[in-house]
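Accompanying notes for the structure given below.
The values are calculated or read from the model by the stated rules, or taken from the named source; none is laboratory data. Keep in mind the model is a prediction, meaning the values are calculated, not measured. We place every Cβ from the backbone using ideal geometry, glycine too, and count neighbours over all the protein chains shown. The accessibility values were calculated without ligands, DNA or RNA, using every heavy atom of the protein model including side chains. Shrake-Rupley method; radii C 1.70, N 1.55, O 1.52, S 1.80 Å.
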Amino acid sequence: MSKFTQTASHWGVYRVETDEAGGILSTTGVPFDADPSPIQASLPAVVRDPLRIDRPYVREGYLRSRGASRADRGAEPFVPVDWDTALDLVTEALQDTRQRLGNESIYGGSYGWASAGRLHHTQSTMKRFLGLFGGFVDRIGNHSFGAALGIMPYVLGRSDIYGLAVRWPEVVAHTRLMVLIGGAALKNAQLDSGGTVSHDNAGWFRAAHEAGVRIICVSPSKMDVPEDAAPEWLPIRPGTDTALLLGLAGTLVAKGLVDREFVASHCSGYAEFERYLADKDARWAAEITGIPAAEIERLAAAMAETRTLVNTSWSVQRADHGEQPVWATVALASMLGQIGLPGGGFSLGFGAVNGMTLARPAGIPRPTLPLGPNPVRTVIPVGRIAELYLRPGGTLPYNGETITLPQIDLIYSAGGNPFHHNQNLNRFLEGWRRPGAVIVHEPWWTPPARYADIVLPSTTTMERNDIMAPQTGSHWIAMHQVIPPHGQARNDFDIFAELADRLGFGSAYHQDRDELGWLRHMYEEARTVAAQRGFDPPGFDEFWATGKYEFTGAAEHPVVLSEFRADPEMNPLDTPSGRIELVSETIRSYDYDDCPAHPTWLEPVEWLGNASRYPLHLLSNQPAHRLHSQLDNAPLSRAAKVADREPILIGAQDARQRGLRDGDVVRVFNDRGEFLAGVRITDTLLPGVVQVPTGAWYDPVTPGGLEKHGNPNVVTTDKGTSQLAQGPAAQTCLVQVERYDDPPPVTAFEPPPTAERNSFGL
Ligand SMILES: Nc1nc2c(c(=O)[nH]1)N[C@H]1C(S)=C(S)[C@@H](COP(=O)(O)OP(=O)(O)OC[C@H]3O[C@@H](n4cnc5c(=O)[nH]c(N)nc54)[C@H](O)[C@@H]3O)O[C@H]1N2
Ligand SMILES: Nc1nc2c(c(=O)[nH]1)N[C@H]1C(S)=C(S)[C@@H](COP(=O)(O)OP(=O)(O)OC[C@H]3O[C@@H](n4cnc5c(=O)[nH]c(N)nc54)[C@H](O)[C@@H]3O)O[C@H]1N2
Ligand SMILES: [Mo]
């Protein structure tokens, strides 16, 4: 007799069929998901794969002498140890580091999506643990929309990018023209951070098209808006969107199309901004963007004529001066005067994830594991982690302040892949090899595990119980344990609980609750809040047995900024002027040349306009067949590889110039590094642009050398967007591409070498 168990993930809720011996028979979506993502089959396919880490391991040199051979991190075999030994080593490293250098020398490598689930949310379990241990250096900002997070408080007095997003029903009912800068590719709407319940974006795109919404895709890639929506494609040079937005704004001024009443009553600094726009006409923008001036003029006129939504994708701001396209988007929408009208104004990252643009009842709480305190106040902007490791004692300007970089001597990393999320990996690796100890929890032998000193094997969602409560959905979902843990793998929570016991703060950490004890507690706390807000979820036992609870009620999303529009005096924004700041005196006072007082076109360090030795612009977008680097080892992701490597999309003309054919292996390189990729020729990219999805597991011939699997972060820049946000700027990257014969085999999916414990006399 087989059995079906419901589990869930960032990419959806699904059921796994197992036989009596726990063998996995099949994976199916749930009836309440309109359009399940194919990624759902990937975890069941590799949950028992030979790359799973079966027990704790310690790098050979570290076992011999802690800290001595840190430069060999990633180049030495691992020695299997028992849990007791491993946890002793972790305790010792933590205590010793704290004693010598204080808690400010511990980096809680706290970036990473890990898995959906509110208890076994790895970042939370780790932060709670390190906080109670006395604190750790945390990160600030995010990889997704770091520049927007930095600039929006100055412009609108808020940075809730999700709250500012216009919802689909409003678009279909009211928007007539949707300008998608950077597109809104459906591949990205497969998932949500914290979980997706139903995939609805494809249907909404069709509905928008049927309702007659005109959709324009402004992107170097034609593939960024689904064909069903019949988009018009305006190919643009990467990194030049600010120039387009300013050129559109300048055209509005020149043609007398500015909503002067709106900018006078709702914005501050318009006059100064308009003076800056004096020479920013369509011809100026055409030179920079490659979009013909006549097209820009036509677009400006169309925007002023009809209900228009200007949406700028997150990718566009993940680039040098990424604050500018965000600010310029708000400025253009202000001049069109439609902010606060249904279906009008601006939005950021429409379609970047599944749920952000769907409407749901307001006030749904989430069961939550409390993080606890973090007595250490030092933070590092996510885009600048290498600075933290490489420049102890140095300073970093950030958001009007100066960060003094502490000396990090211990990295604790769990739930993220630093060899995926960071840019300029060769430089990053140099930094990663500086501290005295690196401790990693991982389910598989991924790059962070391979480059660790102490590796603790963790379970996956299928091997534990949890609750999914999406940030953007209207369900709570029970995630039932499907199979027993692999080998000696343990839940992150249990690992931290035992470490806390050993370190003397066990009760503060686990509060004497086990897994189900915590789930019940977290659920009941959230249920009390839900009840106060007029919802009626059942008690925990009933929820756990039923498997889901749906919050019902009017799914109305108030039109973004409508109250401010109606009465800016009564409902001012939280900015110094109470209005939309087209000029910020606060930013002016920082005197940053890379982020001036109003939206400004600043040439990126690398773009097609200054390309010479490296003539191609490399975009490294989100992968269609996995989540970042997660499940790169699964069949779905591996089937999409070309010659075993991550595909590089290249236009026919660029391929011809280099004598390349489909299926060839190429070397992609610049001064920062080199990697191999498999050629796929396309007619969907602007000439001069190549595209490699992010997330191939870092697999160099030797650490820091030629990367042979297709990880684009070997060549991307780790420059911050500006001194203001210091956001990641991965999309700003020029490269050259050439054919590479006789490539070395990919070894990313083979476990690292292991050594016997007594081989060196221990
Ligand atoms: N070049 C380039 N780089 C980028 C981007 C880009 O556009 N271009 N995008 C950036 C963006 S937006 C983001 S959000 C980041 C994402 O960066 P990350 O969030 O760091 O990427 P993931 O691959 O999701 O890493 C999650 C890791 O956690 C592990 N894991 C999964 N479940 C568990 C668990 O239960 N316990 C533990 N201990 N580990 C688990 C997985 O095996 C995986 O190694 O990447 C950024 N990097
Ligand atoms: N399947 C899948 N979906 C995902 C993720 C995943 O890993 N897998 N990751 C999720 C995460 S963490 C995030 S943050 C979001 C990110 O969402 P986005 O940042 O929107 O996603 P990207 O795929 O990086 O970029 C979208 C498109 O922007 C275009 N683009 C790049 N540079 C420029 C430019 O300079 N100008 C213009 N006009 N266009 C440009 C590229 O053609 C690219 O295809 O996606 C989420 N969705
Ligand atoms: Mo992201």
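Some values worked out for this structure:
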read-out	value
Percent of beta bridges antiparallel (DSSP, the chain, rounded to nearest 5)	50
Cα-based Lys proximity count in the chain, under 18 Å, for pairs eight or more positions apart or on separate chains	4
Within segment 618-665, trypsin sites (Lys or Arg not before Pro) in DSSP loop having at most 12 other beta-carbon neighbours inside 10 Å	Arg661
Alpha-carbon centroids, segment 235-300 and segment 599-664: separation in whole Å	30
Computed FRET value (nearest 0.05) for Asp82 with Thr402, which takes r as the C-beta separation and R₀ as 35 Å	0.15
Summed side-chain charge close to Ser265 - residues other than Ser265 whose Cβ falls under 11 Å, Lys, Arg +1, Asp, Glu -1	-1
Alpha-carbon Debye profile of segment 3-46, log10 I(q)/I(0) at 0.28 Å⁻¹	-1.02
Cα-projected label distance for Gln481 with Ser65, points at 7 Å along beta-carbon direction, nm	4.3
Cα gyration tensor, segment 247-347 - rounded (a/c under 1.5), prolate or oblate	rounded
Exposed GluC sites (Glu not before Pro) absent: longest stretch of the chain, with sites in DSSP loops and at most 13 other Cβ within 10 Å deemed exposed	21-555
For a label point 7 Å along the Cα-to-beta-carbon line of Asp742, residues of segment 678-713 with backbone N under 19 Å	701-702, 706-709
Three-way shape label, segment 608-667, alpha-carbon gyration tensor, a/c 1.5	oblate
Under 17 Å from the His521 label point (7 Å along Cα→beta-carbon), backbone N, segment 360-382	367-373
Residue-span extension gain [Val379 to Asp72] - 0.36 nm each, minus C-alpha spacing	107.7 nm
Net charge contributed by nearby residues that have their C-beta within less than 12 Å of Thr308 (K/R +1, D/E -1)	+1
Full-stretch length increase - Lys255, Glu542 - with 0.36 nm per residue and alpha-carbon distance subtracted	97.0 nm
Residue-level accessible surface for Asp514, protein heavy atoms, 1.4 Å, Å²	100
Label-zone membership for segment 719-740, site Arg656, 7 angstrom Cα→C-beta point, backbone N under 20 Å	737-739
Förster radius 35 Å - calculated FRET efficiency between Asp501 and Leu25 (Cβ-Cβ, nearest 0.05)	0.35
Approximate spin-label separation Thr91-Glu210, in nm, with each point projected 7 Å along Cα-to-Cβ	6.3
Kirkwood hydrodynamic radius of segment 314-440, Cα pairs, Å	18.7
Kirkwood Rh and Cα Rg combined as Rg/Rh, segment 478-533	1.08
Rh (Kirkwood; distinct C-alpha pairs) - segment 616-739, Å	14.6
Contour excess over end-to-end distance, with Cα ends at Glu305 and Glu227 and 0.36 nm allotted per residue	25.6 nm
Accessible-area composition of the chain, carbon plus sulfur, in percent [1.4 Å probe]	48
Kirkwood Rh (inverse of mean 1/r, distinct Cα pairs), the chain, angstrom	26.9
For segment 1-137: rounded, prolate or oblate by the Cα gyration tensor [a/c cutoff 1.5]	prolate
Modelled FRET efficiency - R0 35 Å, Ala264 with Asp160, Cβ distances, 0.05 increments	0.85
Segment 230-274, accessible area per residue, ligands and nucleic acids excluded (1.4 Å, Å²)	35
Relative contact order (%) - the chain, alpha-carbon pairs under 8 angstrom, separation at least six	20
Radius of gyration and Dmax over the Cα atoms of segment 113-155, both given in Å	13.7, 38
Net charge of neighbours whose Cβ lies under 10 Å from the Cβ of Ala71, counting Lys and Arg as +1 and Asp and Glu as -1	+2
Solvent exposure of segment 616-739 as accessible area per residue, Å², 1.4 Å probe	29
